[in-house]
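Student: Quick one: structure below, then a few questions.
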Amino acid sequence: MSSVQMDSRLRGNDGGESGVVMGRYTAYPEYKDSGVEWLGEVPAAWSIFSGKRIFKNARRQALPSDPQLAASQKYGVIPQNLMMELNDSKVMLALKGTESFRHIEKNNFVISLRSFEGGIEHSAYVGCVSPAYTVLSASKVVFYRYYKYLLKSAPYISALQASTDSLRDGKSITYEQFGEILLPLPDHTDQASIANFLDHETAKIDTLIEEQQSLIRLLKEKRQAVISHAVTKGLNPQAPMKDSGVEWLGEVPEHWRNTEIRYITSQMGGGTPSKERLDFWNGNIPWVSPKDMKVDYIEDAQDKITHQAVLESSTKLIPEGSVLIVVRGMILVHSVPVALTQKSVTINQDMKALIPAKGIDGEFLLFFMKGLRHFVLDLVEESAHGTKCLRSEVFERMKIAIPEYEEQVEIVALLKERLNIIDSLIDDAQEGTVLLQERRTALISAAVTGKIDVRHWVAPAEI
């Protein structure tokens, strides 16, 4: 979806007030200086109080019947079992029964004492939280959904982060620090109007964001399918085919030769130079690890080593034009990262280098490995320590079929043309997503700080 189309969707077909374009909203008739840097001017009727005047530190002891809750930046405060389901991961369950566990009511907020995740989290549930959290309950009349938006808004987060050095270090925030920050307190009806407006408008933007993200997912699936087809079937739909003799591979062009990975590559492993040898590190030779494997072509790494490290450690120089592959790590649960070296590099022990044999084009090998992603994933096993690994002795005996060198080069050239088109569409969709997210952030900030007047806003009738 183009940015023009998105603007049209956001404004509404009638160009009415239902849009989120900032210029389409009016300001309040009268403002005053809030005296608060992050708020600036606020509507004249709004009050300003410190956080501790609006929210008190609730210290009610947990009840035996309370289900345990946990906070997440993405989901707010939710039950532990739901957190495990949504995150698809294990959550540490602390043992209840101590006086330090605190009861939490629906619409309370919490501060995490262990890690700051971008705002104060809202609870939609009744239950209890561990000592890692401070529970906040309103001591004034508030419309909780207004503060749910305010306490996650960009201006407030910036103010919170600026209030203490500990947040900039990724540490914790205390109730006292939270309580010192000044907050707006609009009239209760104003709070409700702002919250209702934002519920409607952010839902509309979220729908558009999801559409963009769905498009990106489809384009990426298309990209993978184009690569897989090109490296296993070729680019000539009229080419005579033959049975490859490999169930997952199916038919391949008749003139392609059957072989195995070990016959078209040689392999090199990696290693980690001693961290105690300062003369091994901060050199000019890239030392590639799985964290660097986010690109198709690689010539640099976050860590670098010296020539001395190459001479005296287990890691060796990998030649330019080699294909790097991650063979150990939890990323192998869902992906097998590969990249083509564009200069000599070194690698750590969680990776292998596939060096193309004579008659094998490096770029073709790159796309070939990317095209076999789903099939290679089937070879991933779990090691004794629980991590995922790709056994070299199994992988290198993988049966394949490939064309001669000239056709490899031709396939790469045409494949890159097709991928450029898809990549351009992906870039446009990702840019659209960023614009929508920025628009959402700006709209929330403007509404909760009173820069736009939505008191008379009415949700458009559904057609």
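Student: Residues that are within 18 Å of LEU39 (Cβ to Cβ) and at pLDDT 95 or above, at least 2 per element: which helices (runs of 4 or more DSSP H) completely within the stretch 157-241 meet that? Quick ask: steps written out before the conclusion?
Tutor: Values: elements: 165-168, 175-180, 188-233.
In the stretch 157-241, 188-233 are the helices (runs of 4 or more DSSP H) which contain 2 or more residues that are within 18 Å of LEU39 (Cβ to Cβ) and at pLDDT 95 or above.
Student: To continue, here is another question. As an exercise: evaluate LEU332 against (1) out of contact with any Cys (no Cβ under 8 Å at 6 or more places or on another chain); (2) farther than 16 Å from GLN267 by Cα; (3) of a type outside the set (Gly, Ala, Ser); (4) in contact (Cβ under 8 Å) with a residue 40 or more places away in the chain and give the number of the one condition it does not meet.
Tutor: (1)
Student: Any residue in the stretch 192-205 that is farther than 18 Å from TRP46 by Cβ and not assigned by TED's automatic domain parsing to the domain that holds TYR147 sitting within a Cβ distance under 8 Å of a residue that is basic (Lys, Arg) and at pLDDT 95 or above? List the pairs, counting only those 6 or more apart or interchain.
Tutor: ASP199/ARG145; THR202/ARG440; ILE205/ARG439; ILE205/ARG440
Student: Got a number for residues in the stretch 38-52 being exposed (fewer than 15 other Cβ atoms within 10 Å of the Cβ) and over 14 Å from ALA446 (Cβ atoms)?
Tutor: Here the count works out to 5.
Student: Considering only the stretch 25-44, how many residues are of a type in the set (Gly, Ala, Ser) and within 14 Å of PRO186 (Cβ to Cβ)? If you could, list the steps in order and put the result at the bottom.
Tutor: The first filter runs over the stretch 25-44 and keeps only residues of a type in the set (Gly, Ala, Ser), leaving 27, 34-35, 40, 44.
With within 14 Å of PRO186 (Cβ to Cβ) added as a condition, the list becomes 34, 44.
Total meeting the criteria: 2.
Student: Still on this structure, I have one more. Taking GLY245, is it farther than 21 Å from GLU406 by Cα and within 38 Å of the chain's Cα centre (by Cα)? Break it down stepwise before answering.
Tutor: Details: farther than 21 Å from GLU406 by Cα: yes; within 38 Å of the chain's Cα centre (by Cα): no.
Spelling it out, it is not the case that GLY245 is farther than 21 Å from GLU406 by Cα and within 38 Å of the chain's Cα centre (by Cα).
Student: Same structure, new question: Within the stretch 304-315, is there a residue that is closer than 25 Å to GLU396 by Cβ, buried (at least 22 other Cβ atoms within 10 Å of the Cβ) and touching a residue at least 40 places away in the same chain (Cβ under 8 Å)?
Tutor: Yes, there is a match, as at least one residue in the stretch 304-315 is closer than 25 Å to GLU396 by Cβ, buried (at least 22 other Cβ atoms within 10 Å of the Cβ) and touching a residue at least 40 places away in the same chain (Cβ under 8 Å).
Student: Return a yes/no flag: does the stretch 383-390 have any residue that is in contact with a Cys (Cβ under 9 Å, 6 or more places away or on another chain) and either aromatic (Phe, Trp, Tyr) or surrounded by fewer than 17 Cβ atoms within 10 Å (Cβ to Cβ) (or both). I'd like the intermediate steps shown before the answer.
Tutor: Step one: filter the stretch 383-390 for residues in contact with a Cys (Cβ under 9 Å, 6 or more places away or on another chain), giving 383.
Now narrow it down to the ones that are either aromatic (Phe, Trp, Tyr) or surrounded by fewer than 17 Cβ atoms within 10 Å (Cβ to Cβ) (or both): 383.
Within the stretch 383-390, one or more residues are in contact with a Cys (Cβ under 9 Å, 6 or more places away or on another chain) and either aromatic (Phe, Trp, Tyr) or surrounded by fewer than 17 Cβ atoms within 10 Å (Cβ to Cβ) (or both).
Student: Working carefully through the options LYS399, LYS451, find the one that is over 30 Å from THR26 (Cα atoms) and not small (Gly, Ala, Ser).
Tutor: Details: LYS451 fails: over 30 Å from THR26 (Cα atoms).
Sole residue among the options that is over 30 Å from THR26 (Cα atoms) and not small (Gly, Ala, Ser): LYS399.
Student: If you don't mind, there's one more thing I want to ask. Regarding the stretch 18-27, can at least one residue be identified that is modelled with pLDDT under 90 and out of contact with any Lys or Arg (no Cβ under 9 Å at 6 or more places or on another chain)?
Tutor: yes
Student: I'm trying to understand the selection: among the residues of the stretch 320-339, which are assigned to a loop (DSSP other than H, G, I, E, B) and within 21 Å of GLU221 (Cβ to Cβ)?
Tutor: Applying the first criterion (assigned to a loop (DSSP other than H, G, I, E, B)) to the stretch 320-339 yields 320-322, 327, 329, 334-337.
Once the filter is applied, which keeps residues that are assigned to a loop (DSSP other than H, G, I, E, B) and within 21 Å of GLU221 (Cβ to Cβ), the stretch 320-339 yields HIS334, SER335, VAL336, PRO337.
Student: Additional query: Look at the stretch 264-300 and say how many of its residues are among the charged types (D, E, K, R) and within 17 Å of LEU366 (Cα to Cα). So that I can check it myself, show each step before the final result.
Tutor: If we filter the stretch 264-300 for residues that are among the charged types (D, E, K, R), which is where we start, we get 275-277, 279, 291-292, 294, 296, 299-300.
If we keep only those that are within 17 Å of LEU366 (Cα to Cα) as well, we get 292, 294, 296, 299.
So the count comes out to 4.
Student: Can you name the residue in the stretch 344-355 that is in contact (Cβ under 8 Å) with a residue 60 or more places away in the chain and surrounded by fewer than 23 Cβ atoms within 10 Å (Cβ to Cβ) and, of all such residues, is nearest to GLU382 (Cα to Cα)? Explain how you work it out, then say what you get.
Tutor: Here is the first cut: in the stretch 344-355, the residues in contact (Cβ under 8 Å) with a residue 60 or more places away in the chain are 345-355.
Restricting the remaining residues to those that are surrounded by fewer than 23 Cβ atoms within 10 Å (Cβ to Cβ) gives 348-350, 355.
Details: ASN348: 19, GLN349: 17, ASP350: 14, ILE355: 26 Å.
Checking each candidate, the answer is ASP350.
Student: Among the numbered criteria (1) closer than 17 Å to GLY371 by Cα; (2) at pLDDT 95 or above, which one does ILE298 miss?
Tutor: (1)
The values are calculated or read from the model by the stated rules, or taken from the named source; none is laboratory data. Quick caveat: nothing in here was measured; it's all calculated off a predicted structure. Positions of Cβ are generated from backbone atoms using ideal geometry, with glycine treated the same way; all protein chains shown enter the neighbour counts.
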